[in-house]
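This report refers to the structure that appears directly beneath it.
The values are calculated or read from the model by the stated rules, or taken from the named source; none is laboratory data. Not measured: the values here are computed from a predicted model. Heads up, the Cβs are rebuilt from the backbone with ideal geometry, glycines too, and the neighbour counts pull from every protein chain shown. Protein only, heavy atoms only, side chains kept; ligands, DNA and RNA dropped before computing areas. Shrake-Rupley method; radii C 1.70, N 1.55, O 1.52, S 1.80 Å.
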Amino acid sequence: MVKNVFNSLLLFFFSFLLISACNNKSSVPVSSSTFQLSAAIEKPKKLDKKIKVALVPFSGVDASYATLLKSEIEIFYTCDITILPGQNLPDFAYYKPRNRYKADSLLKFLNMKRPKEYNLILGITNKDISTKDETHEDWGIFGLGFLGGPSCVVSDFRLKKSAKDINQLHERLIKVVLHELGHTFGLPHCSAEKSCLMEDADGTIKSVDREEKHLCESCKKKLPKGIK
């Protein structure tokens, strides 16, 4: 009798250990590429409440950018912006042949760093960034954002070129940031109005300068409830 009870307890103990081990698979290390992929496809929570956005300045960025952008974004999209501590650009995103960083990899990196209490995360860098498009393996860009979230990144590297003064540079930076955030809110490129902020810049700074800090009525209707 005692022996049977002892054996039953022993069996229960080992069964508990086995179940615990199965439930802790998340503690097993995974490769960087696997983790980055899962981070990239993770979607933010439904944007039907006040949206919280984390702003991350990468190393080397002008210190004034963060406060400037926080103010502009909060006015334009009526969401809450929190400036997080700066980050170094990740080595895995560096593209040595052209001495710049892959924007797609930066988006994945940002989402891995995004605290759970934030819906979206925005990164600002002064380094050149690029992505792959239909005709180019490595195409230099102003910014990039996931359509529907959860991250976007903007560089001032190309915005500085031909800027008349600091005011024009700031205006360009603000418009590109608002544009990329628009993508994370679910807004695609717009063809309804040439002055709409969501018009595709098509790689030209003239398009950025032509755009105004406004959304056409069609784009406004597509915005989530959390910023209306």
- Those residues of the range 212-228 which are open to solvent by less than 70 Å² (accessible area, probe 1.4 Å), at pLDDT 90 or above and within 21 Å of Leu173 (Cβ to Cβ), in sequence order: His214, Leu215, Cys219
- Message: Contact list please: Cβ distance under 6 Å, first residue in the range 202-228 and hydroxyl-bearing (Ser, Thr, Tyr), second residue open to solvent by 60 Å² or more (accessible area, probe 1.4 Å) and part of a loop (DSSP other than H, G, I, E, B), pairs at least six apart or on different chains.
- Response: Ser218/Ala192
- Message: Please go through (1) open to solvent by 10 Å² or more (accessible area, probe 1.4 Å); (2) under 30 Å from Lys49 (Cβ atoms); (3) modelled with pLDDT of 90 or more for Ser162 and return the number of the only condition it doesn't satisfy.
- Response: (2)
- Item | Number of the exception - Glu134 against (1) of a type in the set (Asp, Glu); (2) out of contact with any strand residue (DSSP E or B) (no Cβ under 8 Å at 6 or more places or on another chain); (3) in contact (Cβ under 8 Å) with a residue 24 or more places away in the chain | (3)
- Query: What do you reckon, is Cys152 at pLDDT below 95 and not aliphatic (A, V, I, L, M)?
  - Reply: no
- Query: Quick one: how many residues across the range 176-228 are basic (Lys, Arg), out of contact with any Ser or Thr (no Cβ under 8 Å at 6 or more places or on another chain) and over 29 Å from Lys49 (Cβ atoms)?
  - Reply: 2
- Which condition number in (1) at pLDDT 95 or above; (2) open to solvent by 50 Å² or more (accessible area, probe 1.4 Å); (3) within 28 Å of His214 (Cα to Cα) is the one that Trp139 fails? (1)
- Item | Tally of residues being more than 20 Å from Leu69 (Cβ to Cβ) and assigned to a strand (DSSP E or B) across the range 123-136 | 2
